[in-house]
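Structure first, commentary second.
The values are calculated or read from the model by the stated rules, or taken from the named source; none is laboratory data. Fair warning: this is a prediction, and the values are worked out from it, not measured in the lab. Heads up, the Cβs are rebuilt from the backbone with ideal geometry, glycines too, and the neighbour counts pull from every protein chain shown. Each accessible area value is taken on the protein alone, full model and side chains, heavy atoms only, with ligands, DNA and RNA left out. Shrake-Rupley method; radii C 1.70, N 1.55, O 1.52, S 1.80 Å.
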Amino acid sequence: MRYWHPEGDTCDLPRTQFGFPTRAGVLDAARRPFKATGLSVPWYSVYGNHDNQLQGTLSVTPELEAVATGTFKLVSPPESFEAADVLVRLEGGDLSALVELAGSASVTVTADAERRIVTRADHLESHLTCGGHPSGHGYQADNRIAGVCYYAFDAAERVHAIVLDTVNPHGGWQGSLDEAQLSWLGDQLTLAADRLVVVFSHHPLETLVNDRSPSGYRRVLGGELRQLLLRHPCVVLWVNGHTHRHEMTPITDGSGRIGFWQVTTASHIDWPQQSRIIELIEADDGGVTIVCTVLDTAAPRRSHERAAAAYVQPRLGELVASLIAHHVAAKRYLVAVDAAYVRSLFAASQVSLVRQGGPAALDEIRRWKAKAWWPQALLLRSIDDRAKVPGAPTLPVARFRSVLARLAAAQAS
């Protein structure tokens, strides 16, 4: 059996192959009510196929609702059940495939209306009434009235965020849009022509292939949406998920010019259990840099100064990489030789000092001071310390561009 059974004598894969333990009472403990502490930061919701479709695939019907809330529970399919065929049909949203389960073995359970399948209206209402910041978490009263899960908001002074609903209400786990949403999106892009636009959706471009719909209704697929976004240079980034993979894809217009980047993220509930921080940095000349940082609970330990040095070395040379690699060493040196320096460190830096080895030992000080570039490493450390002071004036990036370009050219030659 594939799934872990923490109690009893069930012979399952996690216990036999991966050493999962037996723990009496785990399931009862998991069912106990608890009060969630909530988030202390603003959060916005993006509608996905698992939010109200059964197993992320089947649209809600009265028949499915009756099974979910009724008095019998299917426990095993009939002997004639062809799993592969049924799964293929269900993947396409074909509800008739469920007829194959009609002869399944079942047990009697207590009817419970709370087991109802969540609808799109339920999804909207829960966000509009749950509290937290911002109110509605992106959704507004207009969403409730129209019954749609797409919206837009200003993420920053220069950044306009557009959140799409790519779930096909007619079934199927892959995505698409309706024509009304495509028209709305075009209007949003036109209005934001002088800003940076970031698009959010559950489905990435390559999965917008679900054209399932009643006769007379058209679904908008990935190719048409891609062309619309490429016609608007204000679009710089499209963030999505669905595939549970971390991927970064340049979306081009066919000539080699990158129109925008697609950043696909992993999952908090499945594997890999990862998060991603995405930052937009706008240069003085109008250029935009997209910085992505993945947070992984199983990431190998690697100090930030060593990681930065490894990145810089092939681009700016060995000297610059060495100065960066000794960023923490310079901190430990200054703590050892200057009693006032440790008091100038921010609280987080004082805490990390313990993990980094504390004040430098005498032999370390001698070894570092023997390096010809050691005064430059101390200078870099002092510049970094000053840059951490809130509100302190800093030099623009353009001031250093020519120096960086010269170093990079020298390294390339």
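For the stretch 75-142, the Kirkwood radius over C-alpha pairs fed into Stokes-Einstein at 20 °C and 1.002 mPa s yields D = 137 µm² per second. Rounded to the nearest 20 debye, the dipole magnitude of the chain is 2380 debye, with +1 charges on Lys and Arg beta carbons, -1 on Asp and Glu beta carbons, and the Cα centre as origin. Across the accessible surface of the chain, with the other protein chains kept in place and a 1.4 Å probe, carbon and sulfur atoms take up 57 percent.
Counting every pair of alpha carbons in the stretch 124-228, the share spaced more than 20 Å apart comes to 44 percent. Comparing D338, D85, D142 in a Gaussian network model of the chain, where Cα atoms under 10 Å apart are tied by springs, the biggest mean-square fluctuation is seen for D338. Stokes-Einstein diffusion of the stretch 13-155 at 4 °C, 1.567 mPa s viscosity, Kirkwood radius from Cα pairs, rounded to a whole number: 68 µm²/s. An oblate overall shape is assigned to the stretch 374-413, the ratio a/c of its alpha-carbon gyration tensor axes (a ≥ b ≥ c) being 1.5 or greater and a/b not exceeding b/c. Using alpha-carbon positions, what is the distance between the centroids of the stretch 1-74 and the stretch 349-372, in Å? Using only Cα atoms to place each centre, the spacing works out to 50 Å.
Run the numbers for D284 and Y217: contour at 0.36 nm per residue of separation, minus the present Cα-Cα distance, in nm. Full extension from D284 to Y217 adds 19.4 nm. Ignoring lysines fewer than eight residues from K371 along the same chain, the ones with Cα atoms less than 21 angstrom from its Cα are K331. Across the chain, the fraction of Cα-Cα pairs farther apart than 34 Å, rounded to a whole number, is 51%. Relative contact order of the stretch 1-69, taken over Cα pairs closer than 8 Å and 6 or more residues apart, is 17 percent. Rolling a 1.4 Å probe across the protein heavy atoms gives the chain an accessible surface of 61 Å² per residue.
Based on DSSP H segments of at least four residues, each scored -39500 (n - 2.57), the chain has a per-residue ellipticity at 222 nm of -10500 deg cm²/dmol.
Site pair C11 and A105 shows an inter-label distance of 1.8 nm when each label is modelled 7 Å from Cα along Cα→Cβ. Annotation for S255 and F153: the two label points, set 7 Å from Cα along the Cα-Cβ direction, are 3.6 nm apart. Taking only the alpha carbons of the stretch 1-69, we obtain Rg and Dmax values of 18.0, 45 Å in that order.
Note on the stretch 161-220 and the stretch 230-281: Cα centroid distance 16 Å, given to the nearest whole angstrom. Each residue of the stretch 253-349 gets 198 Å³ once the volume of the Cα convex hull is shared out per residue.
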